[in-house]
Amino acid sequence: MKALGDLRDYAVARVVGPAALRVQRWGNQWRAWRGSGWESAYLAPPLGVAVRGKEMVARHWLAGRYANRDRKVAWITSAAPVELLHALGFFIVYPENHGAICGAARVAVDLSCEAENAGYSRDLCSYARTDLGSLFSGRTPVGRLPMPDLLFACTNICQTVLFWYRVLAHQLRVPLVLIDTPFVYFETAPEHAVAYVQRQIETSVPVLEKIAGRSLGMAKLKETGTLSREAAHLWMEIMQRNAHQPAPISVVDQFTLMAPVVEMRGEPATVDFYAAMLREVDGRIAEGVGAVKDERHRLLWDNLPIWYRLKDVAEMLGAGGAALVASTYTNAWGELADLIDPEEPFESMARTYLYPILNRGTGHKLKTMRRMIDQYSLDGVLLHSDRSCKPYSIGQLDQRDRLARETGVPALLLEADHNDSRCYSEAQVANRVAAFIETLER
Amino acid sequence: MQPDVNVAPLPSIPRRRDLARAHHERGGLVAAVLPIHYPRALLRAFGILPMEVWGPPNVDAARAASRLQPYVCSIVRNALSFLESGGLQIADLLIVPHACDSLQGLGSVLLDFVHPAQPVLPLYLPRNPAPEGTAFLADEFRALHQRLAEVTQRTPSESELMQAILDEEVADDLLRRVHEQRPTLPLTTFDFYHLVRAREFLPLDSFVSLARAILAMPAVKSPPKIPIVLSGIVPEPMDMLRAVDELGASVIADDLACCGRRLYPAGRSRDPFMRLAESLLGGSPDSTRGSPIQDRLDHLLGLAHSTGSRGVVFHDVKFCEPELFDLPVLRRGLRDAGLPSITVEVDLNDAVSHQARTRLEAFLEMIA
């Protein structure tokens, strides 16, 4: 019976499922080619490559349903040194990405309530509440989450992940490997911080090898690092194409198209995907196609997206001729590409994973925003004050004031939450955005 | 309320402002230190008087509203408000240890935007309990040593530093003994915390004298009170402790970040920086240091069993992620072990609400 079950799962995961997803992609590509199914007076249709990205993500989660049968599974934070785990053959699940999928599918509040009913405060991160709720209830829009053999957390995005993963470790009784990355308050991290992170990465290897049941091959690690760097480089190039006017790819599209560089960096398919995307973006530039049909204002987005209102926000802005051209969040997945050195994997991983924008000071983020304003010729900034993400949000009030005062670029603070729609006021956001666009038109 | 016959007259505690002035007159510097863990002995070696800033409660929090969102905890908001209203003018430098995302953000905002008159010295607390974490913390202390030398224009010798460490270890040991003797001390819960929290700002000699005076108090057999364990970050507003006394209960042990989690054991190394790091990381399990929840649960159960406590009160500051994440598992674990618990969520600027008092009263009646 078990053999039959294995055979059925294998067929679904490797043959039937992928084939069905491919057919679905062909259908989507056909509809996109005919121009049907897209109803926006203000926004250009998504990139054609988006359907391929959707298929990649869907295939990943489909494989995940059956991953526990034949692979070791790691649950991992989004900016952790994933290259190690890829090289050791782990199947990788990003609970934050799963949380974002739940947010976009508008099931995050239901799942959060499950966690809240179990005693988790509404003041906690909504990604964490969403995923804990999914774990407690067994409900997920991706079908089924594979259970982890390993939890791998890196504190370079927040301390929240440490608290969250400790709960998971306690609940699931699986080992937690922690890469603790000291916060970089000043321009550069002190050398003892780099050494600390490097030592942690190195000493994690025997633990990971034991769980994986295989040894880490340096050739494989270098190959993974190379692919990771290539994907991050391509992603950066794509974003930088938005210096062109009109911007060919909106930040709202970037939010969904960044999934592979977050959860599949280190895989050849990810490099191919972004190479294809770059070609299509270049094609749009050649044809003069902008993501917003009548681009009159070019904006910067700061912080995580509001997953459950992505399209609404894009439409709201598009109606006023405003395009979201750049974002500190999507930028974070490309800006460190140059630090990855496959020939010195451990030291370069230590440096790369110390310097994400979320592990750096509030002044560094202000500097990044100023640079992006110049680089992308921006005339406004939207700062999402995200109740669920304190490290990203603290400092925004000063950043808003400094931007307006020192660059003359107006900035608006929007109160919301990346996953919990109970913290989002539709009318208030609409009124404030409309008033902001009026300001830009003066 | 009938006066408690077992309550002794309290040793007087000098005011912070007077202490700071006297310290300045002796040529020393004063450091305002934010929560939670920091190397007190290292500051003392430079002749610096550390004065901790846990909020403070009941300040005009509106001053911080122009820089911090309302979903940041009141410990952090109040600290910034207090600074911006001139409350920290007595301090010559600010030390901002890393305890959570909010304190990290405050440190960064101070450095990048507020630019207070005093130098701001951040300090990262490692979350990895492995030897790498201890070695890193020793390096952090070396870096802090260098910054303090720049600020004070003096450099204590290694033997001076080691002596300061040994002196602090004596004070830490006295503090631990005060906590252990709590059940027989003739002090109300409120008075106990009023005295032991003087460790947050007293000069070393004054604290040692105070601790010895407390330990010399005649042991009493307390009237029957309901023994409880208090957990959380800081027992503010302190009126909650008065309520505990008035309702016939007594905090017999605590797992507070500002008190019980800072009963540091002495370090072992001969290297002063390693010794400081070993000591600081050797405290009881703490959410802000990344301790496993099971360790915290075991510690709480151990505290309750060793003191005969009948319940645990979690006194949590609103928006405190490190504590709030652990809470459901801790409460479930305590319940499974037959130990009731209650959560009281507070904001440092709010008086103890009638609702909170009623809930506490009902809880105490239940476990009495």
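Read the figures in this text as sums done on the coordinates, not as results from a lab. Since the model is a prediction, treat every value here as computed from it, not as a measurement. Here the Cβ positions follow ideal geometry from the backbone for every residue, glycine too, while neighbour counts run over all protein chains shown.
Quick notes on this one:
- Per residue of A:197-210, other chain Cβ atoms within 10 Å of the residue Cβ number 2 on average.
- Cα-based helix-to-principal-axis angle, A:310-319 vs chain A, degrees rounded to 10: 20
- Global geometry of segment B:10-140, whether rounded, prolate or oblate, following the gyration tensor of its Cα atoms and the 1.5 cut on a/c: oblate
- About its Cα centre, the dipole of chain A is roughly 1080 debye, where the only charges are +1 on Lys and Arg Cβ and -1 on Asp and Glu Cβ.
- Global form of segment B:248-368, assessed from the alpha-carbon gyration tensor, a/c cut-off 1.5: prolate
- Counting, for every residue in B:70-81, the Cβ atoms of other protein chains within 10 Å of its Cβ and taking the mean gives 2.
- Against the rule of thumb 2.2 N^0.38 Å, how large the Cα Rg of chain A comes out: 0.96
- Net charge, B:Val344 excluded, C-beta distance under 9 Å - Lys, Arg +1, Asp, Glu -1: -1
- Local charge for B:Pro237 was computed over the other residues whose Cβ lies under 10 Å away, with Lys and Arg +1 and Asp and Glu -1, and equals -3.
- Unit charges at the beta carbon, dipole of the protein assembly as shown: most positive-side option, A:Ile249, B:Leu94, B:Pro322: A:Ile249
- Highest-fluctuation residue, A:Arg422, A:Arg22, A:Arg298 considered, GNM on chain A with Cα pairs under 10 Å: A:Arg422
- The protein assembly as shown - Kirkwood radius from inverse mean 1/r over Cα pairs (Å): 28.3
- As a proxy for reagent exposure, ranking A:His86, B:His179 by other Cβ atoms within 10 Å from fewest up yields B:His179, A:His86.
- Lys/Arg +1, Asp/Glu -1 at C-beta; chain A dipole; positive extreme among A:Leu234, A:Gly17, A:Pro95: A:Gly17
- Chain A: angle of helix A:108-117 to the longest principal axis, Cα-based, in degrees nearest 10: 60
- Each of A:Tyr353, A:Tyr376 has some number of other Cβ atoms within 10 Å of its Cβ, and from fewest to most they run A:Tyr376, A:Tyr353.
- A cut-off under 12 angstrom between Cβ atoms defines the neighbours of A:Leu47, and their net charge, with Lys, Arg +1 and Asp, Glu -1, is +2.
- Straight-line reach from A:Lys367: taking Cα to Cα under 23 Å and skipping same-chain neighbours fewer than 8 places apart, the lysines in range are A:Lys390.
- Shielding of peptide A:182-192 by partners, expressed as the average count of other chain Cβ atoms within 10 Å per residue Cβ, is 5.
- Once the Cα atoms are used to define both axes, helix A:17-34 deviates from the longest principal axis of chain A by about 20 degrees.
- Nearby lysines by direct alpha-carbon distance to A:Lys222 (threshold 17 angstrom, same-chain neighbours under 8 apart not counted): none
- Ratio Rg/Rh, restricted to chain B and using Cα atoms, in which Rh is the Kirkwood radius: 0.95
- Size descriptor for segment A:306-442, Kirkwood hydrodynamic radius: 16.4 Å (Cα pairs only, one decimal).
- Leading residue at positive end of dipole, segment B:220-367 (Cβ point charges), from B:Ala356, B:Gly311, B:Ile342: B:Gly311
- In this Cβ point-charge picture (+1 for Lys and Arg, -1 for Asp and Glu), the protein assembly as shown has a dipole of about 1280 debye about its Cα centre.
- Packing-based exposure ordering (other Cβ within 10 Å, fewest first) of A:Asp294, B:Asp191, B:Asp205, A:Asp131: B:Asp205, A:Asp294, B:Asp191, A:Asp131
- Cα gyration tensor, segment B:213-285 - rounded (a/c under 1.5), prolate or oblate: prolate
- Sorted on the mean count of surrounding Cβ atoms within 10 Å across their residues, most packed first, peptides B:105-111, A:55-61, A:430-436 read B:105-111, A:55-61, A:430-436.
- Label-point gap, in nm, between B:Leu247 and A:Arg22 - each point 7 angstrom along Cα→Cβ: 6.7
- Whichever lysines have a C-alpha closer than 25 Å to that of A:Lys220, once near sequence neighbours (fewer than 8 apart) are set aside: A:Lys72, A:Lys210
- Cα-centre dipole for segment B:135-261 with unit charges at Cβ (Lys and Arg positive, Asp and Glu negative), debye to 20: 400
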